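Read the structure below first, then the notes.
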Amino acid sequence: MSSPLSSASWYRVAGLRPRLRSHISVHRHRYRGGRWYVLQDRLSRRSHRFDLPAYFVIGLMDGTRTLQVIWDATLARFGEESPSQDELIRLLAQLHMADVIQCDVTPDLEELLRRSHRVESRTRLARWLAPLAVRIPLLDPDRLLERWLPVYGRLFGPAGAALWLLVVGWGGTYGSITAAVERAQAAGRSVASIHLRHLNPLPPDLGHILREYRKVLVPEINSGQLVRVLRAEYLVDAVGFNRVRGLPLASEEIFEAINQLIGSTA
């Protein structure tokens, strides 16, 4: 009597001895609170994500074990949580279609070379068809900023920045900060603002910008998350303006905080 884990087609693949190709690597990855395992193909630049039982099966594919041996080991490890034989067959088919396994002991170097040429041709075609997907390496501005510091540093020295105030925002404070800073600038106040799109990682040039201002004001709709990060990360004299009441910050409140802070440092 067959069990739900068994498959009528199992006999067709039970004797195969699959193994991963040499250009395949597997990495552990956490995604939405769960642990996954990502199989990366360095030739095709494709990735395939698997759960723990599938990773266990793939890890046993070394060219010496038959699928029957791998199935027995998987059943002993996971018991009722083990994937069925049909699921194992589908996994084998998926790996075969992705061209990441082979069932012979010696690698087919000629086939790998042909495959590399095919992948290269497909990659070039994909770039022509999707020009917006071209990858442009990002430049770390730290070295450039340090090299030109004697030039632009004069513009932001102690004399020029004696009354300058920088308002740093993030999240939903953008509109209120922008309105308050524009109003303060219209009133002749030396104030500027920046808005961070993400906090991890912080922008690489943020430390250079913060140190050019005498005071830094950080309005937040919480108890002061960002201001603590800026103080600890860059050792700047950041002043928090916090409101925890379930309502957005008003531009009038930020405008008053700007006037008070500039007045106290004048």
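Test R197 against the stated conditions and say whether it is modelled with pLDDT of 85 or more, at negative phi and surrounded by fewer than 14 Cβ atoms within 10 Å (Cβ to Cβ). Can you show your working first?
Numbers: modelled with pLDDT of 85 or more: yes; at negative phi: yes; surrounded by fewer than 14 Cβ atoms within 10 Å (Cβ to Cβ): yes.
Yes, satisfied.
Of everything listed in (1) under 20 Å from D99 (Cβ atoms); (2) at pLDDT 85 or above; (3) buried (at least 18 other Cβ atoms within 10 Å of the Cβ), the single unmet condition for F50 is (2). In region 233-250, is there at least one residue being closer than 30 Å to E146 by Cβ and small (G, A, S)? Within region 233-250, one or more residues are closer than 30 Å to E146 by Cβ and small (G, A, S). Looking at the structure I just gave you, is I209 crowded, with 16+ Cβ neighbours inside 10 Å and touching a strand residue (DSSP E or B) at 6+ places or on another chain (Cβ under 6 Å)? Considered against the rule, which asks whether it is crowded, with 16+ Cβ neighbours inside 10 Å and touching a strand residue (DSSP E or B) at 6+ places or on another chain (Cβ under 6 Å), I209 comes out as no.
Scanning region 40-67 for residues being closer than 11 Å to R19 by Cα and in contact with a Ser or Thr (Cβ under 7 Å, 6 or more places away or on another chain) gives a total of 1. Tell me which residues, restricted to region 185-221, are part of a strand (DSSP E or B) and of a type outside the set (S, T, N, Q). Within region 185-221, V191, A192, I194, H195, L196, K215, V216, L217, V218, P219, E220 qualify.
Answer with yes or no whether E252 is modelled with pLDDT of 85 or more, exposed (fewer than 14 other Cβ atoms within 10 Å of the Cβ), out of contact with any Cys (no Cβ under 9 Å at 6 or more places or on another chain) and farther than 28 Å from R143 by Cβ. Before you say what the answer is, go through the steps one by one.
Working: modelled with pLDDT of 85 or more: yes; exposed (fewer than 14 other Cβ atoms within 10 Å of the Cβ): yes; out of contact with any Cys (no Cβ under 9 Å at 6 or more places or on another chain): yes; farther than 28 Å from R143 by Cβ: yes.
When the stated conditions are applied, E252 passes them.
Selection within region 46-79: residues that are assigned to a strand (DSSP E or B) and touching a strand residue (DSSP E or B) at 6+ places or on another chain (Cβ under 6 Å). The member of this set that is nearest to L5 (Cα to Cα) is F50. Residues of region 231-266 being within 13 Å of R214 (Cα to Cα) and free of Cβ contacts under 8 Å to residues at least 24 places away in the same chain, which ones? Those that are within 13 Å of R214 (Cα to Cα) and free of Cβ contacts under 8 Å to residues at least 24 places away in the same chain: L235, D237, G263, S264. Here A130, A162 are screened, and the one residue that is within 25 Å of E252 (Cα to Cα), modelled with pLDDT under 70 and out of contact with any helix residue (DSSP H, G or I) (no Cβ under 6 Å at 6 or more places or on another chain) is A162. Residues in region 179-204 that are of a type in the set (V, I, T) and under 22 Å from V229 (Cα atoms): V191, I194.
The values are calculated or read from the model by the stated rules, or taken from the named source; none is laboratory data. Predicted, not measured: the structure shown is a model, and the values here were computed from it. Cβ: placed from backbone, ideal geometry, glycine included. Neighbour counts: every protein chain shown.
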